[in-house]
Amino acid sequence: GEKVHPWKRDNEEGLLGLAFHPDYKKNGQFFVYYSSEKELRTSVVSKFTVSDDPDKADPKEEVIMKLKQPFANHNGGSICFGKDGYLYIALGDGGSRNDPMKNGQNLGTLLGSMLRIDVDSKADGKNYGIPADNPFVKVKDAQPEIFAYGFRNIWRMSVDRQTGDVWAADVGQDFWEEVNVVTKGGNYGWSVQEASFLFNNVAGEGELIDPVWEYDHQAGKSITGGYVYRGSRLPELAGNYLYADFISGQIWALEYDRASGKASKNRSIATTGFPVLAFGEDQDGEVYYTMETVTGKGIYKFVRK
């Protein structure tokens with residue numbers, strides 16, 4: 001409909017996120033994250049409801065929140081529901097290079113953070129509620145929506161349907177791409193660090209959490225986050241985090257030991273040669289990916305050779 005059409009600007013804005021409510025079968029609600037064409041540099045999270053036609057949305061829109069963006073890049077935009085029923089929203093640091101506004105380490109702004117909100121309630125004049133156990137609710141001058149912070153530009157996050165772990169791939173700047181398993185209240189380092197390496201001398205609050213996996217720009221230059229595989233078609237990938245690089249077109253499977261919080265093995269499972277845009281998961285836990293090739297964009301599934 002109105003929101004899904006070619007984006008005329010050469011930047012990182014557009015329709016960036018889609019998430020179905022956990023009770024979608026009953027309430028028909030879904031949520032989108034998009035860049036407003038009417039308000040410059042404004043990201044919008046809105047709620048829509050399916051129409052009587054299951055393949056079409058009711059055009060009536062309820063805006064949940066709006067966020068001003070200082071630049072046209074690093075808009076984040078990935079949204080998903082956790083096993084706790086709350087909506088998680090990934091925001092970039094606001095853009096440009098080198099985090100010029102120091103948003104990554106600033107709890108006073110929503111930028112550079114992962115948010116967690118309750119879309120089933122409304123409070124304080126907003127179209128959403130704040131979970132009572134959000135980590136910074138009682139911290140002076142901190143934004144209560146923040147779940148974790150210290151991110152540059154999360155390009156796709158997902159929730160492990162089995163464990164509830166929140167996985168986020170954060171795009172690096174000069175040298176490193178990273179994979180994070182996000183915990184409540186965690187500081188993931190940007191822009192003190194790029195991945196686990198010192199980036200600049202900005203002070204960070206508390207302990208900085210290193211990624212569970214990182215790779216340098218010889219392997220790729222822009223990570224695309226995926227999903228932990230919980231399907232049945234390819235049992236050899238069970239429990240592996242599948243992710244890719246937008247520039248190199250490489251797709252990997254990362255083995256992660258949840259008890260130690262460490263990655264134990266990373267292996268290449270596909271060399272596409274084309275930009276991998278995003279991943280998706282169906283109701284059976286099978287994982288798909290979207291890719292732009294010489295014949296156009298398409299959706300692909302994983303099969304055994």
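From the square roots a ≥ b ≥ c of the eigenvalues of the alpha-carbon gyration tensor of the range 219-305, which class results: rounded (a/c under 1.5), prolate (a/b over b/c), or oblate? If you can, show how the numbers build up before the last one.
Numbers: a/c = 2.06, a/b = 1.35, b/c = 1.52.
Because a/c hits 1.5 or more and a/b fails to exceed b/c, the range 219-305 counts as oblate.
Do you know the relative contact order of the range 219-305, to the nearest whole percent, from alpha carbon pairs under 8 angstrom that are 6+ apart?
Averaging sequence separation for qualifying contacts and normalising by length gives 25 percent for the range 219-305.
Counting only DSSP beta bridges with both residues in the chain, tell me the antiparallel percent, nearest 5.
Percent antiparallel among DSSP bridges in the chain is about 95.
For a quick check: with amide H placed at 1.01 Å from N, whose amide H comes under 5 Å from Ala57's, ignoring anything fewer than 5 positions away on the same chain?
Long-range HN contacts for Ala57: Ser51.
Show me, for the range 259-272, the HN-Hα J-couplings you get by feeding each phi into the Karplus relation (A = 6.51, B = -1.76, C = 1.60, θ = phi - 60°), rounded to Hz, glycine and proline as x.
5, 8, x, 10, 7, 9, 6, 9, 9, 6, 10, 6, 10, 8
Hey, what number do you get for the chain at 222 nm if only DSSP H runs of n ≥ 4 count, each worth -39500 (n - 2.57), divided across all residues, to the nearest 500?
Theoretical 222 nm ellipticity from helices: 0 deg cm²/dmol.
Would you calculate the convex hull of the Cα atoms in the range 141-279 and tell me its volume per residue in Å³?
Taking the convex hull of the Cα positions in the range 141-279, it is 116 Å³ per residue.
If amide hydrogens are placed 1.01 Å from N in the peptide plane, which non-local residues have theirs closer than 5 Å to the one on Leu208?
none
Counting just the Cα atoms, what span does the range 106-223 cover along each of its three principal axes? Round to the nearest Å and put the largest first.
The Cα atoms of the range 106-223 stretch 48, 35, 20 Å along the principal axes, largest first.
Return the single residue from Lys47, Lys184, Lys126 with maximal mean-square fluctuation; model: Gaussian network over the chain, springs between Cα atoms under 10 Å.
Taking springs between Cα atoms under 10 Å, the residue moving most is Lys126.
Across the chain, what fraction of all alpha-carbon pairs, as a whole percent, falls in each successive 20 Å bin from zero upward?
For the chain, the pair-distance distribution reads 34, 61, 5.
I'd like the projected area of the range 69-175, averaged over all directions, using the convex hull of its alpha carbons. Report it in nm² with one decimal.
Mean orientational projected area (the range 69-175, Cα hull): 7.3 nm².
Straight-line reach only, C-alpha to C-alpha below 30 angstrom: list the lysines that Lys305 could link to, leaving out same-chain residues fewer than 8 apart.
Those lysines meeting the cut-off are Lys221, Lys262, Lys265, Lys297.
Among Ala148, Ala244, Ala219, determine the one that fluctuates most according to a GNM of the chain built with springs between C-alpha atoms less than 10 Å apart.
Between Ala148, Ala244, Ala219, it is Ala219 that shows the largest mean-square fluctuation.
Give the cross-link partners of Lys301 among the aspartates and glutamates, using a straight C-alpha distance below 15 Å as the criterion and excluding same-chain residues fewer than 8 apart.
By straight Cα distance, Lys301 reaches Glu281, Asp282, Asp284, Glu286, Glu292.
Looking at the range 183-305, what % of its DSSP beta bridges pair antiparallel, to the nearest 5? Mind showing how you got there, number by number?
On the way: 29 of 30 bridges.
In the range 183-305, DSSP labels about 95 percent of beta bridges as antiparallel.
Could you tell me the distance between the Cα centroids of the range 29-97 and the range 259-276, to the nearest Å?
28
Once you keep just the Cα pairs under 8 angstrom separated by 6 or more residues, what percentage relative contact order results for the chain?
Once normalised by length, the contact order is 9 percent.
Throughout, read-outs are computed from the coordinates displayed, never taken from laboratory work. These numbers were taken from a predicted model, which means no experiment stands behind them.
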